[in-house]
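Trainee: Quick one: the structure is below, and I'll ask about it shortly.
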Amino acid sequence: MQPLIDRESVERLYHRADAARWELSIEDFARALQRSVAKAFAGRMPSARDVERYIESLRHTDLALACACAAGHVAAWDHFVLEYRPVLYRAADALDPSGGARELADSLYADLFGLDNEPPQTGERRSLFRYFHGRSSLATWLRAVLAQRLVDRVRAGARTAPLPDEEPAAPTHQVPDPDRGRYLALIHEALGAAVANLDARARLRVRYYYVQGLTLAETGRLLGEHEASVSRHLSAARKTIRRDVERRLAESGLAREEITQCFACVAEDAGPLDLDRLLSSASGARNSEKNVQGEEASTFAPSVGIGRKRQ
């Protein structure tokens, strides 16, 4: 049994997340924090200090929004659809430029909302948001869920293909992948190297958009670029990182099937992946980015609130 989070910490994080705006009760928020701790420290007993450090690192605003959506609060759900539908569509188009993944993106809404369509119907909400624990941003988690759905669809299609000979039935229970830890370590290392390989301006775009949660327009104002240019550059950065990561994994000795499994592991649970830390530890990134920001973005920073999460 995991240690309980003290009331003072819960209240502090509840107010930091501005959870009351969604009419989310502090008790529901406390349960979400406790579930996140249980997930992170499964199978071991952390110290009170470890728990405190962990809950401080969470994306509290995103966790509160997900919690409120899971509970069915209308204001939270309306905000989610407005803010994250474009995120899902961009992710879908990145996964499948032909537009085929948008259907999967649309199908996620029923699972996220928690419609009870599976027999037997109990009237309980079964929201997919219950599996968001605040370890990454909500946008990152949504992209991972969508990517996993696409992987599952591809695998399902492969299973329906006729086989030349009868194969033994697959086990009905899921067997933990013994290589999962190695795959995660390899892809985290490759991702860190790929991010460090980006030029300073590209890293700064990634930091503004994905870490600080600025919109495309806000990022563009900081860098003196048009919104469409920011979107195009971010798309190019994602593709560059993906190619670089795949190349580094191949150079480490992984076969194509193992590389696919690496990405599937990350899509299921990226673990303690901290993009902010990767960007900060990139070779020469910190000094270079400060120079770019100082020259081109200093006059815009106060107007958009650099350092604050978008509410």
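The values are calculated or read from the model by the stated rules, or taken from the named source; none is laboratory data. Quantities reported herein were computed from a predicted structural model and do not represent experimental measurements. Here Cβ is always computed from backbone atoms with ideal geometry, including for glycine, and neighbour counts include all displayed protein chains.
Trainee: Cβ-Cβ under 6 Å, sequence separation 6+ or interchain: first residue in the range 48-60 and under 21 Å from residue 21 (Cβ atoms), partner of a type in the set (Lys, Arg). Which pairs?
Mentor: 60/16
Trainee: Test each condition in (1) at pLDDT 85 or above; (2) crowded, with 19+ Cβ neighbours inside 10 Å for residue 201 and report the one that comes out false.
Mentor: Here residue 201 meets the rest and fails (2).
Trainee: Inspect all residues belonging to the range 57-66 and state whether any of them is loosely packed, with under 15 Cβ neighbours inside 10 Å and among the basic types (Lys, Arg). Please lay out each step first, then the result.
Mentor: Just the residues of the range 57-66 that are loosely packed, with under 15 Cβ neighbours inside 10 Å, to begin with: 57.
Checking the rest, the ones that are also among the basic types (Lys, Arg) come to none.
No: the range 57-66 contains no residue that is loosely packed, with under 15 Cβ neighbours inside 10 Å and among the basic types (Lys, Arg).
Trainee: Residue check: is residue 294 part of a loop (DSSP other than H, G, I, E, B), surrounded by fewer than 20 Cβ atoms within 10 Å (Cβ to Cβ) and at pLDDT below 75?
Mentor: Values: part of a loop (DSSP other than H, G, I, E, B): no; surrounded by fewer than 20 Cβ atoms within 10 Å (Cβ to Cβ): yes; at pLDDT below 75: yes.
Here the answer is no, as residue 294 does not meet what is asked.
Trainee: Only residues that are farther than 14 Å from residue 138 by Cα and among the acidic types (Asp, Glu): list them for the range 66-116, please.
Mentor: 78, 93, 96, 103, 106, 111, 116
Trainee: For the range 209-231, what are the residues that are of a type outside the set (A, V, I, L, M) and under 30 Å from residue 185 (Cα atoms)? Don't jump to the end; show me each part of the working.
Mentor: So the first thing to find is which residues in the range 209-231 are of a type outside the set (A, V, I, L, M), and the list is 209-210, 212-213, 215, 218-221, 224-227, 229, 231.
Those that are of a type outside the set (A, V, I, L, M) and under 30 Å from residue 185 (Cα atoms): 209, 210, 212, 213, 231.
Trainee: From the list 87, 81, 37, pick out the single residue that is surrounded by 19 or more Cβ atoms within 10 Å (Cβ to Cβ), part of a helix (DSSP H, G or I) and either among the acidic types (Asp, Glu) or on the phi < 0 side of the Ramachandran plot (or both). Step through it out loud before you land on a result.
Mentor: On the way: 87 fails: surrounded by 19 or more Cβ atoms within 10 Å (Cβ to Cβ); 81 fails: surrounded by 19 or more Cβ atoms within 10 Å (Cβ to Cβ).
Checking each option against the conditions leaves just 37.
Trainee: What's the number of the condition residue 14 fails, among (1) in a helix (DSSP H, G or I); (2) within 25 Å of residue 109 (Cα to Cα)?
Mentor: (2)
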